[in-house]
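In what follows, a structure is listed as structure tokens, so that the remarks can point back to it.
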Amino acid sequence: MTELIRHWVAGKFDDTIPQRTGEVFDPATGAVTKQVAFAAESDVDAAVAKAAEALKEWRRASLAKRSNVLFAFRELLNERKSELAEIITAEHGKVLSDAAGEVQRGLENVEYVCGIPNLLRGGFSENASTSVDVHSVRQPVGVVGVISPFNFPAMVPLWFVPNAIACGNAVVLKPSEKDPSAANFIAQLWQEAGLPDGVLNVVHGDKVAVDALLANPTVKAVSFVGSTPVARYVYETGTGNGKRVQALGGAKNHMVVLPDADLDLAADAAVSAGFGSAGERCMAISAVVAVDPVGDELVAKIAERMAKLNVGDGRRGCDMGPLVTAAHRDRVSSYVDAGVAAGAELVMDGRGIEVDGADDGFWLGPTLFDRVGTDMSIYTDEIFGPVLSVLRVPSYDAALEVLNANPYGNGTAIFTQSGGAARQYCEEVEVGMVGVNVPIPVPVSYYSFGGWKDSLFGDAHAYGPDGIQFYTRTKVVTTRWPDPSHGGVDLGFPQST
Ligand code: NAD
């Protein structure tokens, strides 16, 4: 019997037998390693009720108490980060060093909210009117639902959960059913750090669990990350039910290479950002826009680097691991077929690649297309795999036109030696996160992460200052204490005097 991954509710694992379960794979071997419980609506409602109960105390917990828990959690996460990285690799497939990198980026978000007493400070105006003072406070929104994707099973929960908890909320986390173990590991660390039971709960499952979170009136805010169609659905359903929602969606990230760029730097960046995590990153570069005349030389340099990549089991020190499931590998592979059929030039073919790993792993090697057209499905669709497309354009203006016509707007990078050109690009491009000679411009924890257009639905970006704002409601209090000069009825509209 394989192990069953269970819901974590009010500080313990739910020991009931689930009506539905899903399979969890080791993508490098293709073996089913675990089963995961799929929550019914009643399971989600029970977890939300426990969160609501815990919220009563936690929202009133002093800032000193909250920051003690956050500091303790930071220490535990740091101590046990290699264990967590191993859990990620075993279910996601990304190589161990990459898994360690995602935990590190998650840790930085915890460190940011260790300063919660400062982040939650309000304002105070003495004598806004004569003997009348005004102050503002930020209070928690209540029970928060967090729904995360498979590609960052630790980092994305750590974008939201620490912020929400630090602001005094209680959380129900629904991680991806494809790699659910990291969430349970993290939840247990929170308990060890002293977080009261019920402040963080984990329910596992699929659309049924997501729909239950969106329908439950006790859930006041939802943070979602996943593909664009689901993000749009979650945003529309959640806001339709009166909730505050931030829903981060899919991406098509372009890297523009201008004629004056350092082409070795650009080729290194394109390969690192295109094939890291087998292209299963929302900030992966999937389209290189080569401005004439750099195309031939750039494609040759990219192909030369790709030929040296070692694909295999992420635990063996390889450069690139497998895809997350067989179904996803087949879907990505079908895009390679479609690219060939549409007439793009296949420079490197990852189908049928030899790997350093088991035969039944979900493999697909790095693939490079040149002379890709903007009407081809390998360009229009988010493939989310190790497939890099090169588009050739005659000028900077043509490159910008391609970028701004694309419905996604998550991340982009420009490679150039010209400060003026880079500055112009940063100003003109309709994308939320921009790198200048930096291929994956994920903002540090004290800024906020988020795309534009179909890459984000809602007003608030993730973590950083936007996270604090999203998980709190402001209240403004106007105060007058009676003093000896007070007196008299006045029916006029209150004005400052
Ligand atoms: P996904 O949309 O399939 O799943 C995301 C979450 O939604 C999971 O928890 C899943 O169980 C749930 N879900 C799936 N289908 C659903 C449905 N029909 N109704 C309700 N809930 C549903 O995404 P994924 O494959 O897990 O992750 C990859 C996607 O996430 C890519 O599109 C990637 O670009 C995107 N992503 C975006 C960001 C970002 O910051 N913008 C970050 C990471 C990943």
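Selection of segment 226-243 for residues being of a type outside the set (A, V, I, L, M) and either touching a helix residue (DSSP H, G or I) at 6+ places or on another chain (Cβ under 7 Å) or near the ligand (Cβ under 10 Å from one of its atoms) (or both) yields GLY226, SER227, THR228, PRO229, TYR233, THR237, GLY238, ASN241. Annotation note: Cβ proximity below 7 Å between a residue of segment 369-387 that is at pLDDT below 95 and a residue that is within 14 Å of the ligand (Cβ to nearest atom) and open to solvent by less than 10 Å² (accessible area, probe 1.4 Å) (sequence gap 6+ or interchain) occurs for no pair. From the list VAL161, VAL113, the lone residue that is surrounded by 15 or more Cβ atoms within 10 Å (Cβ to Cβ) and within 16 Å of the ligand (Cβ to nearest atom) is VAL161.
Let's see how each residue does on (1) within 16 Å of the ligand (Cβ to nearest atom); (2) of a type outside the set (A, V, I, L, M); (3) buried (at least 24 other Cβ atoms within 10 Å of the Cβ):
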| site | (1), (2), (3) |
| --- | --- |
| PHE150 | yes, yes, no |
| PRO153 | yes, yes, yes |
| ILE165 | no, no, yes |
| LEU189 | no, no, no |
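Check ASP330 against each of (1) over 25 Å from the mean Cα position of the chain (by Cα); (2) open to solvent by 80 Å² or more (accessible area, probe 1.4 Å) and name the one condition it does not meet. Of the numbered conditions (1) over 25 Å from the mean Cα position of the chain (by Cα); (2) open to solvent by 80 Å² or more (accessible area, probe 1.4 Å), the odd one out for ASP330 is (1). Taking ASN184, is it closer than 20 Å to GLU53 by Cα, among the polar types (S, T, N, Q) and within 16 Å of the ligand (Cβ to nearest atom)? No; evaluated as a whole, the condition is false for this residue.
Among the residues of segment 413-423, is any β-branched (Val, Ile, Thr) and touching a His at 6+ places or on another chain (Cβ under 7 Å)? Scanning segment 413-423, I find no residue that is β-branched (Val, Ile, Thr) and touching a His at 6+ places or on another chain (Cβ under 7 Å), so the answer is no. The single residue among VAL48, VAL24 that is under 26 Å from the mean Cα position of the chain (by Cα) and either within 30 Å of CYS318 (Cβ to Cβ) or open to solvent by 50 Å² or more (accessible area, probe 1.4 Å) (or both) turns out to be VAL24. When segment 25-64 is limited to residues that are out of contact with any helix residue (DSSP H, G or I) (no Cβ under 6 Å at 6 or more places or on another chain) and among the β-branched types (Val, Ile, Thr), the one that is nearest to LEU195 (Cα to Cα) turns out to be VAL48. Which condition number does ALA267 fail, the rest of (1) within 11 Å of the ligand (Cβ to nearest atom); (2) open to solvent by less than 10 Å² (accessible area, probe 1.4 Å); (3) among the small types (Gly, Ala, Ser) being met? ALA267 satisfies all of (1) within 11 Å of the ligand (Cβ to nearest atom); (2) open to solvent by less than 10 Å² (accessible area, probe 1.4 Å); (3) among the small types (Gly, Ala, Ser) except (1). Look at SER227 and say whether it is in contact (Cβ under 8 Å) with a residue 60 or more places away in the chain, of a type outside the set (D, E, K, R) and at positive phi. No. With respect to VAL199, is the statement that it is near the ligand (Cβ under 9 Å from one of its atoms) and either under 21 Å from LEU76 (Cβ atoms) or β-branched (Val, Ile, Thr) (or both) true? Criteria not met by VAL199.
Checking ALA287 against (1) within 26 Å of THR29 (Cα to Cα); (2) within 16 Å of the ligand (Cβ to nearest atom): exactly one of these is not met. Which one? In the conditions (1) within 26 Å of THR29 (Cα to Cα); (2) within 16 Å of the ligand (Cβ to nearest atom), ALA287 misses (1) alone. Got at least one residue in segment 281-293 being surrounded by fewer than 19 Cβ atoms within 10 Å (Cβ to Cβ) and not assigned by TED's automatic domain parsing to the domain that holds SER82? The answer is yes, given that some residue of segment 281-293 is surrounded by fewer than 19 Cβ atoms within 10 Å (Cβ to Cβ) and not assigned by TED's automatic domain parsing to the domain that holds SER82.
For segment 118-138, the condition holds for at least one residue, the condition being that it is in a helix (DSSP H, G or I), modelled with pLDDT of 95 or more and open to solvent by 20 Å² or more (accessible area, probe 1.4 Å).
Considering VAL230, VAL210, the condition of being among the aliphatic types (A, V, I, L, M) and open to solvent by 20 Å² or more (accessible area, probe 1.4 Å) is satisfied by VAL230 alone. SER272: out of contact with any Ser or Thr (no Cβ under 6 Å at 6 or more places or on another chain) and open to solvent by less than 10 Å² (accessible area, probe 1.4 Å), yes or no? Criteria not met by SER272.
The values are calculated or read from the model by the stated rules, or taken from the named source; none is laboratory data. From a predicted model like this one, the values you see are computed outputs, not experimental measurements. Here the Cβ is made from the backbone with ideal geometry for all residues, glycine too, and neighbour counts use every protein chain on show. For the accessible areas, the whole protein counts, side chains as well, though only heavy atoms, and no ligand, DNA or RNA atoms are used. Shrake-Rupley method; radii C 1.70, N 1.55, O 1.52, S 1.80 Å.
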